[in-house]
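Handing you this structure, nothing more for now.
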Amino acid sequence: MNVQGLQKLTLLDYPEKVACTVFTSGCNFRCPFCHNAPLVIGTEEVETYSEEYIFSFLKKRQRILDGVCVSGGEPLLQNDIERFLGKVKELGFAVKIDTNGSFPQTLKKLVRSGLVDYVAMDIKNSPKQYCRTAGIDESWAYMEQIQESVAFLLEHPVVYEFRTTVIQGYHTREAFKEIGQWIQGAERYFLQSFFDSGELIGEGINGCEKAEMQVFAEIVRPYVQKVELRGV
Ligand code: SF4
């Protein structure tokens, strides 16, 4: 596992749990609004954490933390994610993964092995706007893989959420109607406000006003059990 970030305590990343977050490096997407650009496009400049360090830290936190979030970058890119999560589970932690959904086979394997307790999957935009929003070439075959991950999670194999970071000029009312229809029957969907970390992949990126996000949420609400704004 290539780990290039560790947040030792978070009350926000894992719903209803006290957790830490491990950040893996590398991603197959280039979302312009990504606030973890050093993990995605500047990995050699970021400090790397040894596995020994991570597990030594986790052992010391066994009675303090409930869970471990594995975020990125894209954690499912890591070849040894299954082994890593197995070690985390052996220590008794609940595991949440954040994923862009482009590795459905790995996602299925981890969920079916009981190595993941909570999945947070990005829905970057409506299918028509997906590649532009994810910063990937239209010719890449990612949409089929993302559709497969969405369909898998809609079968409720594990606790999960879908979430969209809402960006001016990328997200429209029409797009949210299409997203709602796409994820119809989902348990939880969050519209997240954009956070400018100062380390973005793109330029000239702005979030939407809360009032506009509320309008978007109302458009999705008929299709999803629970729709909420996050970070506003
Ligand atoms: S926001 Fe996009 S580019 Fe950044 S880590 Fe997530 S999927 Fe990758």
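Coordinate-derived values only; no laboratory data. Not measured: the values here are computed from a predicted model. Reconstructed Cβ throughout: ideal geometry from the backbone, glycine too, with neighbour counts over all protein chains shown.
Name the aspartates and glutamates eligible as straight-distance cross-link partners of Lys226: C-alpha to C-alpha under 12 Å, and not fewer than 8 places from it in the same chain.
Of all the aspartates and glutamates, those that pass the test against Lys226 - Cα under 12 Å, at least 8 places apart if same chain - are Glu161, Glu187, Glu218.
Shifting gears a bit: Given Ser193, Ile179, Ala151, which one lies farthest toward the positive end of the charge dipole of the stretch 75-208, if we put +1 on the Cβ of every Lys and Arg and -1 on the Cβ of every Asp and Glu?
Ala151
Using θ = phi - 60° and the Karplus relation 6.51 cos²θ - 1.76 cosθ + 1.60, list the HN-Hα couplings for the stretch 129-134 in order, rounded to whole Hz, with x at every Gly or Pro.
Calculated HN-Hα couplings, in order: 9, 5, 5, 4, 5, 8 Hz.
Let me ask something additional. Can you give the convex hull volume of the alpha carbon atoms of the stretch 166-208 per residue, in Å³?
Roughly 87 Å³ of hull volume per residue.
With an 8 Å cut-off on Cα pairs and a minimum separation of 6 or more residues, tell me the relative contact order of the chain in percent.
19 percent
Express the C-alpha Rg of the stretch 91-232 as a ratio against the empirical globular expectation 2.2 N^0.38 Å, rounded to two decimals.
Against the empirical 2.2 N^0.38 Å value, I get 1.04 for the stretch 91-232.
Exposure proxy check: Met121, Met143 ranked by fewest other beta carbons within 10 Å?
Met143, Met121
Now a separate question. Each label point is 7 Å from the Cα along the Cα-to-Cβ direction; what then is the distance between the points at Glu138 and Glu218, in nm?
Between Glu138 and Glu218, the simple spin-label model gives 3.4 nm.
Continuing with the same structure: Less than 17 Å apart at the alpha-carbon level, and either on another chain or at least 8 residues along: which lysines does that give for Lys96?
Hits, sequence-local ones excluded: Lys8, Lys17, Lys87, Lys108, Lys109.
At 0.36 nm per residue, and after removing the present C-alpha to C-alpha distance, how many nm does the segment from Ser56 to Ser113 gain when stretched out fully?
So the chain would gain 18.1 nm between Ser56 and Ser113.
Would you work out the Kirkwood radius for the stretch 67-138? I mean one over the mean of 1/r across all pairs of different Cα atoms, in Å.
One over the average 1/r among Cα pairs gives 13.0 Å for the stretch 67-138.
Hey, if you put +1 on the Cβ of every Lys and Arg and -1 on every Asp and Glu Cβ in the stretch 1-121, which of Val40, Gly114, Gln7 ends up farthest toward the positive end of that dipole?
Gly114
Determine one quarter of the surface area of the Cα convex hull of the stretch 1-150, which equals its mean projected area, and express it in nm² to one decimal.
So the mean shadow area of the Cα hull is 8.7 nm².
What do you get for the angle between helix 51-60 and the principal long axis of the chain? Use alpha-carbon atoms, 0 to 90 degrees, nearest ten.
Approximately 80 degrees, to the nearest 10.
Per the helix-only calculation at 222 nm, which mean residue ellipticity applies to the chain, given -39500 (n - 2.57) for every DSSP H run of n ≥ 4 and division by its residues, nearest 500 deg cm²/dmol?
Value at 222 nm, helices only, nearest 500: -9000 deg cm²/dmol.
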